[in-house]
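Report on the following structure.
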Amino acid sequence: MLRIAICDDNSRDLSHITSLVESYKKNKKTDIVYMSFHNAIDLLESLKKKECDLLLLDVLMPGLTSSPEYAVESYNVRAHHYLLKPATEDKFFSILDKLFDKLKKPEESIVIKTSSSVFTVPYINIEYVEVYAKTVYFYLTDNDVKKVSGSLADFELTLLKKPEFIKVHRSYLVNLHWVQQLNQKELITLTGRKVPIARTVYTQIRTAYTQFLFKEADELTNTKGGINRD
């Protein structure tokens, strides 16, 4: 079952998106439960009580402006798609089809073995990896930390095969998906953690991060996902 929350302060647009979701549910015979909200406060209060798999949000909320360039900004909050209003059935259905396909696929994960157990961690859930005192720490997006005895070299080859991972220091590997801010001496992840950057690789890291952002933004713009006001 896919749980969807829809939020738009424009009643007409909210009704339109809701009708598209209902139409998709009937036409595709999918298991969907959805809720609609006229403002972000009610949405946030609801999310405290019920989990949601997908948010369909209006970009234009109090304090924001409306523009197709929000496809780039939406990358920072990990938006899957960005869709200009008025949303058509064909485009909207195509987006939901892609999301359903993605949900069906098992997440790619790294296998971590310890002396007493074996467990997996999805790559997308890793913010960064640190080695300290012969212990490797996996810092995750939910603020959890997994640790295992070993060296960074035990995981470096596997992680660096993924284009989103980069080595920023002899003791750190970072997932560029979750970099919120990049400074000359450190970077800050989406959860607010700070990771040092080696002085000798700063320029390389800055270039790699910039290229990664533009690549993600281009892909996001081309898929035309998300929601924007006319």
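The requirement of being acidic (Asp, Glu) and crowded, with 16+ Cβ neighbours inside 10 Å is not satisfied by Glu107.
One line per residue, one yes/no per condition, for (1) among the basic types (Lys, Arg); (2) surrounded by 15 or more Cβ atoms within 10 Å (Cβ to Cβ):
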residue	(1), (2)
Glu156	no, yes
Lys161	yes, no
Val168	no, yes
Gln180	no, no
Thr191	no, no
Lys194	yes, no
Arg199	yes, no
Ile205	no, yes
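Screening Val111, Val136, Val145 for residues that are modelled with pLDDT of 95 or more and more than 19 Å from Tyr209 (Cβ to Cβ) leaves exactly one candidate, Val136. Against the numbered list (1) of a type outside the set (Gly, Ala, Ser); (2) within 16 Å of the chain's Cα centre (by Cα); (3) closer than 14 Å to Phe155 by Cα, Asn125 comes up short only at (3). Cβ-Cβ contacts under 7 Å between residues 6 or more apart (or on different chains), taken from a first residue in region 182-208 that is part of a loop (DSSP other than H, G, I, E, B) to a second residue that is surrounded by fewer than 11 Cβ atoms within 10 Å (Cβ to Cβ), are listed as Thr191/Asn143; Ile197/Lys185; Ala198/Arg170.
On inspection, Tyr75 passes the criterion of being in contact with an Asp or Glu (Cβ under 8 Å, 6 or more places away or on another chain), at pLDDT below 85 and within 29 Å of Glu164 (Cβ to Cβ).
If you filter region 144-166 down to residues that are in contact (Cβ under 8 Å) with a residue 12 or more places away in the chain and aliphatic (A, V, I, L, M), you find that the one that is farthest from Val111 (Cα to Cα) is Ile166.
Looking at Tyr209, is it under 21 Å from the mean Cα position of the chain (by Cα) and in the same structural domain as Glu130 (by TED's automatic domain parsing)? Yes: the conditions hold for Tyr209. On the stretch given as region 29-54, residues that are at pLDDT 90 or above, more than 14 Å from Arg3 (Cα to Cα) and of a type in the set (Gly, Ala, Ser) total 0.
The values are calculated or read from the model by the stated rules, or taken from the named source; none is laboratory data. Remember, predicted model here, so these are calculated numbers, not experimental data. Every residue, glycine among them, receives a Cβ derived from its backbone with ideal geometry; neighbour counts consider all protein chains shown.
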